[in-house]
Amino acid sequence: MDDSEEIAPAVQSILDAARERGGGGDRISVTPRSLPDAFDATAADGRTPVIAEIKPTSPTADGERTDDPVDLARQMVAGGAAALSVLTEPEHFGGSAATLERVRDAVDVPVLRKDFILHEEQLDVVEADVVLLIVRFLEADGTDDLADLLAAACERGFQVLVETHTAAEVEKALDAGADIIGVNNRDLAELEVDLGTFESVAPDVPESVTLIAESGIQTEEDVTRMRRAGADALLVGSAIMDHGETTDVTANTRRLTQTETDAATTTDT
Ligand SMILES: O=C(O)c1ccccc1NCC(=O)[C@H](O)[C@H](O)COP(=O)(O)O
């Protein structure tokens, strides 16, 4: 992302805060719970693979959810979530490394660390099964190269979800060696979500890649739409967290995981 590209002020603030955050301590080495295997097992069980996201708040959330994250994690797994995503970004999402550690100790499904990682040393903050690298953020000045950061994460044992928003970013992800790719329906300029984003980009992604639709998925119809467009799994936060309310997180999750979809998907990685 060069400086000429428009990004929402909240995203600029997220990026600035990420630049200031240091790394962790000693170099991490992890033996991860396989994300593709979790998706395959979930689909074989007749459920839609959903990564349920523990996101206490966010720039677009209507309030926050202050339940204990471990309770939320257990409710999401009870609702059939194939994996969890845990925000570790504190300033804008109310996340923390400690929360991810507690959640990962409490469940046996793969856990994605959701943060805005810009430099290799930021990988060494907390163990996780998957880390997120965002193509658009790693084009900003003063950040590490995507391919280098992807290799560094893999050397530590992490699986890597490379997040894209356009066909060009999918190409960059593939060129960097990504085998798990997300397409984020939320654009970082206006923070608007459009499920058509995934539908327009998904055809460019090879079958061999594990493909995840992210953001803006609210209803059973949205689930069916993303699966028919080729999603192996869906990453869902707001519709499950239901910020500002105290709705049943297990029911919110189950409503999406129990959605019948005729998408015959396998994850080849
Ligand atoms: O969620 C936000 O408001 C947000 C704002 C700015 C940058 C990123 C943001 N979210 C990160 C995500 O990608 C979502 O938390 C995740 O894909 C789930 O999206 P949703 O189901 O729409 O909450």
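Filtering region 223-242 down to residues that are part of a helix (DSSP H, G or I) and in contact (Cβ under 8 Å) with a residue 40 or more places away in the chain, which residue is farthest from the ligand (Cβ to nearest atom)? Here the residue is Arg227. Just a yes or no: is a residue in region 15-29 of a type outside the set (Val, Ile, Thr) and open to solvent by less than 10 Å² (accessible area, probe 1.4 Å)? Taking every residue of region 15-29 in turn, at least one turns out to be of a type outside the set (Val, Ile, Thr) and open to solvent by less than 10 Å² (accessible area, probe 1.4 Å). Checked against (1) within 16 Å of the ligand (Cβ to nearest atom); (2) surrounded by fewer than 24 Cβ atoms within 10 Å (Cβ to Cβ), Val86 meets all criteria but (2).
Filtering region 42-52 to residues that are more than 15 Å from Leu84 (Cα to Cα) and assigned to a helix (DSSP H, G or I) leaves Ala43, Ala44. Total residues in region 179-208 satisfying the condition of being assigned to a loop (DSSP other than H, G, I, E, B) and open to solvent by 10 Å² or more (accessible area, probe 1.4 Å): the figure is 13.
Go through region 167-206 and report how many residues are of a type in the set (Asp, Glu) and within 11 Å of the ligand (Cβ to nearest atom). Summing the residues that are of a type in the set (Asp, Glu) and within 11 Å of the ligand (Cβ to nearest atom) in region 167-206 gives 3. Checking each residue in region 166-178 for being surrounded by fewer than 21 Cβ atoms within 10 Å (Cβ to Cβ) and of a type outside the set (Lys, Arg) picks out Thr166, Ala167, Ala168, Glu171, Leu174, Asp175, Ala176, Gly177.
When region 142-162 is limited to residues that are among the charged types (D, E, K, R) and closer than 18 Å to Pro32 by Cβ, the one that is nearest to the ligand (Cβ to nearest atom) turns out to be Arg156.
In this entry, Ala81 passes the filter for residues that are surrounded by 23 or more Cβ atoms within 10 Å (Cβ to Cβ) and within 15 Å of the ligand (Cβ to nearest atom).
Screening Gly63 with (1) open to solvent by less than 10 Å² (accessible area, probe 1.4 Å); (2) within 13 Å of the ligand (Cβ to nearest atom) gives one miss only, at (1). Residues in region 36-46 include none that are within 16 Å of the ligand (Cβ to nearest atom) and surrounded by 11 or more Cβ atoms within 10 Å (Cβ to Cβ).
The values are calculated or read from the model by the stated rules, or taken from the named source; none is laboratory data. It should be emphasised that the depicted structure is a prediction, and the values quoted were computed from it without experimental measurement. Note that each Cβ is placed from the backbone with ideal geometry, even for glycine, and that neighbours are counted across all protein chains shown. When the accessible area is computed, the model is the full protein with side chains, heavy atoms only, and any ligands, DNA or RNA have been set aside. Shrake-Rupley method; radii C 1.70, N 1.55, O 1.52, S 1.80 Å.
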